[in-house]
1. Taking the chain as a Gaussian network, where each spring joins two C-alpha atoms under 10 Å apart, which residue of T30, T118, T90 fluctuates the most?
2. If one puts a single equal scatterer on every Cα of region 20-79 and applies the Debye formula without solvent, what log₁₀ I(q)/I(0) results at q = 0.17 Å⁻¹?
3. Over the chain, what is the relative contact order in whole percent, taking alpha-carbon pairs under 8 Å and six or more residues apart?
4. Tell me the mean residue ellipticity at 222 nm calculated for the chain from its helices only (DSSP H runs of n ≥ 4, each -39500 (n - 2.57), averaged over every residue, nearest 500).
5. Whole-Hz ³J(HN,Hα) for each residue in region 36-45, computed from phi via Karplus 6.51 cos²θ - 1.76 cosθ + 1.60 with θ = phi - 60°, x for glycine and proline: what do you get?
6. Between N23 and D109, take the C-beta separation as r, use R0 = 22 Å, and let me know the FRET efficiency to the nearest 0.05.
7. Let me check I've understood the local charge: for A58, count other residues with C-beta under 15 angstrom from its C-beta, Lys and Arg +1, Asp and Glu -1. What total comes out?
8. How far, in degrees from 0 to 90, does helix 18-30 lean away from the longest principal axis of the Cα atoms of the chain, to the nearest 10?
Amino acid sequence: MPHLIIDYSANLEDVVDMAGLCNALRIAATKLEAFPAAGVRVRAIPARHYSIADGNPAHGYIDISVRLRAGRDLAVKKAATQQLFSVAETFIAPAMAIHPIALSFEMRDIDPALSPKTGTIRDHLKDSI
């Protein structure tokens, strides 16, 4: 159940297509063998209040955090991190070329003993996934 959470400064609303970034990351994540398509969830949450570096209100940030159910080996997680970070970096490169934006990424494990889950998405998936 990979959750991709994009936390970003609200001043990027008109600079980066966040819905497009969510979709690009979803597509990339569902192509990874280690990520079950039915479990992928991507969301973007703007921070209305923030202060960055020297306080210049033009500065922005995008912090992508991936919560992943434990059990995958480090090499698999490193490869997934690189692939997803590359997708995000490529997607926002045009905005980064003209705006001061910090991009960060972190992947961490979810302890399955402390994370019960249930759902019916798999029952309703299209055959195309």
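1. T118
2. -0.72
3. On the way: 181 pairs, mean separation 42.8, N = 129.
This gives 33 percent for the chain.
4. Working: 3 runs with 42 residues, N = 129.
-10500 deg cm²/dmol, from helical runs alone.
5. Ordered by residue, 3J(HN,Hα) equals x, 3, 5, x, 6, 9, 10, 8, 10, 10 Hz.
6. Approximately 0.30, to the nearest 0.05.
7. Local charge sum for A58: -3.
8. On a 0 to 90 degree scale, this one is about 30.
All of the numbers you see were taken from the coordinates with simple rules; none came from a lab. None of the values given here were measured: they were computed from a predicted structure. Neighbour counts run over all protein chains shown; Cβ positions are idealised from the backbone, glycine included.
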